1. A 32 angstrom limit on the alpha carbon distance is what I want to check against. Which of LYS122/LYS197; LYS16/LYS355; LYS14/LYS329; LYS16/LYS329; LYS122/LYS345; LYS155/LYS280 exceed it?
2. Can you give me the % of accessible surface on the chain that is carbon or sulfur? Probe 1.4 Å, all protein chains present, nothing else counted.
3. Add -39500 (n - 2.57) for each DSSP H run of 4 or more in the chain, then divide by its residues: what number comes out at 222 nm, to the nearest 500 deg cm²/dmol?
4. Please work out the Kirkwood hydrodynamic radius for the range 250-289, using every pair of different C-alpha atoms, and report it in angstroms with one decimal place.
5. Got a sec? Charge dipole of the chain, +1 on Cβ for Lys and Arg, -1 for Asp and Glu; which of TYR170, SER250, GLY82 is way out at the positive end?
6. Quick one: what do you get for the chain if you divide its Cα Rg by 2.2 N^0.38 Å?
7. With only alpha-carbon atoms in the gyration tensor, what are the semi-axes of the equivalent ellipsoid for the range 4-166, in Å, largest first?
8. Taking the Cα centre of the chain as origin, sum charge times position over the Cβ atoms of Lys and Arg (+1) and Asp and Glu (-1), and report the length of that vector in debye to the nearest 20.
Amino acid sequence: MKLKKDLLPAHQRKAKPADESALGFGQIFCDHMFLMDYDPEHGWHDPRIAPYGPLSLDPAALVLHYGQEVFEGLKAYRGVDGGIYMFRPLANIERMNRSNRRLCIPELPAAECLEHLFELVKTEHEWVPTLEGTSLYVRPTVIATEACLGVKVSKKYLYFVIMGPVGAYYPEGFNPVKIYVEEKYVRASAGGVGEAKTMGNYAASLLAAEEAHAKGFTQVLWLDACDRKSIEEVGTMNMFFVIAGEIITSPLTGSILPGVTRDSVLTLCRHWGLKVSERKVTIDEVIAAQKDGVLEEAFGTGTAAVISPVGSIHYRGKDYRVADGQTGKLSNRLYDEMTGIQLGKRPDPFGWVVKVK
Ligand code: COI
């Protein structure tokens, strides 16, 4: 498939952000985006890079009514040598195809999608910020475009990729966040779509997040849908706890997003010879560990947030401080190692980093 390019002349391109320390997350977009269509006759076809702008959709497009959509999040970094690098991009495309299968969306051609991603990032290389802690966030998305109000699998899709320079996801940056343990609402249940990266999971999280924000918390910690006991995830991150020297994260039982950063953290911790368990961990165990003084650390992992230390956990009306409200030792070590690998400052023993330009 030949990639078409329709690029804006220089004078129509936007000014790049002047202050990279004030980027925030997901509010600034590059000049161009990638698009590709699907229909049963042609399969995925017409890959193109075009000026960033509104999509034209039939108001009956299935995505608008029944939410047949998947998306991904990955980043391109300005390395210390000035080159542009991406972190495990194939892992994101493979996960997207797993989400596609769950949502009855035709799989994307992974090798070609990777090439298209690189081409888009190369086209917009001037948008990759240079300040440490910043990156170019890449958001591939597939939506069902067939116009139909019957509940059914769409015959037509649009795959698009938009990008923009970002700083820290949370206003706290790499400082500890306060999380609220949610017991009233649930995010997902096994057998549902919790392990797919699809819009409905995020829509389902909004009310709980709003209520938690109003009470002064950054994020909601989700418990399992059955007993409201086992820790699931934070919605934008997978969760890790360090209890008496054991690094614990919940197993992927179907309702949790299989995070690429989660997998990278597990790999690094095992490589360092630390005790790592993917096992069920309940809120009762975490609170008991805090009371016994053996909850050493808690942190979230995600592409957008990287490593996000948790300074306090609010459960049933009480705040439980973690690591004295500070960033823990392992969180610091992981943050330094992950960002060190991503920026080409540290060796990359697992071949995670791909040079794009
Ligand atoms: C990411 O970490 O890239 C995500 O997609 C999480 C969130 C911004 C939705």
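1. Over 32 Å Cα-Cα: LYS14/LYS329; LYS16/LYS329; LYS155/LYS280.
2. The C+S portion of the solvent-accessible surface of the chain is 52 percent.
3. Roughly -7500 deg cm²/dmol at 222 nm, from the helical runs in the chain.
4. 11.5 Å
5. Highest projection toward the positive end goes to GLY82.
6. Compactness ratio reported: 1.01.
7. Sorted largest first and rounded, they come to 29, 17, 15 Å.
8. Around 200 debye, computed over the chain.
The values are calculated or read from the model by the stated rules, or taken from the named source; none is laboratory data. Values in this document were obtained by computation on a predicted structure and should not be read as measured data. Glycine also receives a Cβ, built like all others from the backbone with ideal geometry; neighbour counts cover every protein chain displayed. We work out accessible area using only protein heavy atoms, side chains counted, and drop any ligands, DNA or RNA first. Shrake-Rupley method; radii C 1.70, N 1.55, O 1.52, S 1.80 Å.
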